[in-house]
Amino acid sequence: MSVKKIFPKIGLRNFKTAIAATLCALLYALIDRNPTFACIGAVFAMNTDLHTSWETGGNRLWGTMIGGFTGMLFFYLYNELPLIFPNNQAMSELFFLFIGIMVMIVVSQIFHVNGAIPSGSVVFYIVMLNTPENQYISYALNRMLDTGIGVILSIFVNIALPRELFAYFSTKKHLSDRLESLEREREMLLRDLESFERLKNRRYDIDSL
């Protein structure tokens, strides 16, 4: 089995994804900030062409905003209305998780961004389940900012390195390789023709004798 069959080639999308995520990490290193969500946003937004990147990146950004605001709302309600299940904190939490995720999905459907539901769900549950009580607002807002930066950097990379540019250079290289191949074939044919002419002349000399 050849190496090419074992290891897939590194395509343009692979290359651009690495560039976008690395740019996010570099930018955040300069401002001493955690780049996790920016890198994730960049990866989600990267696609084969600019139109698809706008769509997937937009879904990621919409999901982060809807999930973040929904998470903030229900986190606030959960802390301000503990008397729904006064003797059972776990049941209160489950109640707000149940209602909150349905609200988040409905809001996504209202805005016609069903593709935002997975990323929105992730942010919603992180805000609800993994955020300190006094930081849930700043956490959600920071995630929206980080995701937006990641999406913007990813789209910028897609604009700077469009698929058409890669196709142009690939076609140019293919044509160059083909011309070289044709040139080699021409040289071989010329050599064969010269050999044939020498053989023909030698035979003529023998017949003359």
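Counting neighbouring beta carbons within 10 Å and listing from fewest to most, the residues Val107, Val127 come out as Val107, Val127. Kirkwood-type hydrodynamic radius, the range 11-161: 16.0 Å, calculated from all non-identical alpha-carbon pairs. Among Phe15, Phe74, Phe96, the ranking by other beta carbons within 10 Å of each residue's beta carbon, starting with the fewest, stands as Phe15, Phe96, Phe74. Using the Cβ-Cβ distance between Phe156 and Val122 with R0 = 22 Å, the FRET efficiency computed as 1/(1 + (r/R0)^6) comes to roughly 0.35. For the range 105-145, the alpha carbon convex hull comes to 72 Å³ per residue, rounded to a whole number.
Any read-out appearing in this document is the output of simple, stated calculations on the displayed coordinates, not a laboratory observation. What you see is a predicted model; the values in this text were computed from it and never measured. As a convention, Cβ positions derive from the backbone with ideal geometry for all residues, glycine included, and neighbour counts pool all protein chains shown.
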